[in-house]
1. Residues to consider are 50, 78; find the one that is touching a residue at least 12 places away in the same chain (Cβ under 8 Å) and out of contact with any strand residue (DSSP E or B) (no Cβ under 9 Å at 6 or more places or on another chain).
2. Which ones in the stretch 68-119 are closer than 16 Å to residue 25 by Cα, small (Gly, Ala, Ser) and within 12 Å of the chain's Cα centre (by Cα)?
3. Which of the residues spanning the stretch 93-111 are closer than 25 Å to residue 225 by Cβ and crowded, with 21+ Cβ neighbours inside 10 Å?
4. Taking residue 120, is it surrounded by 15 or more Cβ atoms within 10 Å (Cβ to Cβ), among the β-branched types (Val, Ile, Thr) and outside any helix (DSSP H, G or I)?
5. Kindly evaluate residue 10 against the criterion of being at pLDDT 95 or above, closer than 19 Å to residue 182 by Cβ and more than 18 Å from the chain's Cα centre (by Cα).
6. Which residues, taken from the stretch 129-142, are crowded, with 22+ Cβ neighbours inside 10 Å, hydrophobic (A, V, I, L, M, F, W, C) and outside any helix (DSSP H, G or I)?
7. Run residue 126 past the list (1) of a type outside the set (Phe, Trp, Tyr); (2) farther than 24 Å from residue 224 by Cβ; (3) assigned to a strand (DSSP E or B); (4) under 17 Å from the mean Cα position of the chain (by Cα) and report the number of the one that doesn't hold.
8. Which is in a strand (DSSP E or B) and farther than 20 Å from residue 221 by Cβ, of 106, 176?
Amino acid sequence: MADDLLVIIPTRGRPQAVPEIVQAWNDTGATADVLFAVDTDDPELAAYKQQAAELKSDLRVRFAYGKRRRLCGTLNQQATKAARSYRFLAFMGDDHRPRPADRPWDARFRECLSGGSGIVYGNDLLMGERMPTAVAMTSDIVTTLSYMAPPALVHLCLDLVWLDWGQGMERITYLDDVIIEHLHPAASKAPMDAGYEEANSPEQVSADSEAYYEYRDGGGLAGDLEKLRKLVEEN
């Protein structure tokens, strides 16, 4: 029987985020598994491995180590593996933090996804309903497309694709009262560091924007939506 919900968190250069995220899991009563995907060339690799050693008794928490593929490549690698054994898959950045509510955020996500193929996201207090910067979906979406986001993307615009998929399937839910706070420099909630500088450089913004528009307007989105709509019909 498949496991329930796995949250994949590609992370680089921010080992201090690990205990903060685990604390957020504890504070919110979350039972979802969490996978920290770490690059083997990360300058902070030793610190990540120390965190892994300290958390080895927490059965919800796992670490995966591999060559650097950037955010989208790492997410796709881990998601396609996990889709074989998890019913639901989610993405969060290492700068997202779930916040306490009357009911755990992961229970709300499961509830929304239990009715069939689809996508759900909460309020990141930055983009809100406009963009699912943290997202959960049924794993059959990943197995159907063979990725969790188009491989042509590197770091940006994944959230735009998830919105396109969900709206095109007519299977997307926004939960305004489920807070998955995005602690981003754009919201003055984090200092600029090397990771943000690389991901938001003019060159990366241009490259990912061009890749997104090519996917959206060049037939990639239409092809994926044809598969996803068929998936919905089969539910």
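The values are calculated or read from the model by the stated rules, or taken from the named source; none is laboratory data. What you see is a predicted model; the values in this text were computed from it and never measured. Please note: Cβ atoms are built from the backbone with ideal geometry, for glycine as well, and neighbour counts cover all protein chains shown.
1. Working: 78 fails: out of contact with any strand residue (DSSP E or B) (no Cβ under 9 Å at 6 or more places or on another chain).
Selected residue: 50, the only one of 50, 78 that is touching a residue at least 12 places away in the same chain (Cβ under 8 Å) and out of contact with any strand residue (DSSP E or B) (no Cβ under 9 Å at 6 or more places or on another chain).
2. 90, 93
3. Selection gives 109 alone.
4. Details: surrounded by 15 or more Cβ atoms within 10 Å (Cβ to Cβ): yes; among the β-branched types (Val, Ile, Thr): yes; outside any helix (DSSP H, G or I): yes.
The answer is yes for residue 120.
5. Numbers: at pLDDT 95 or above: yes; closer than 19 Å to residue 182 by Cβ: yes; more than 18 Å from the chain's Cα centre (by Cα): no.
Answer is no for this residue.
6. 134, 135, 136, 137
7. (3)
8. On the way: 106 fails: in a strand (DSSP E or B).
After applying the criteria, what remains is 176.
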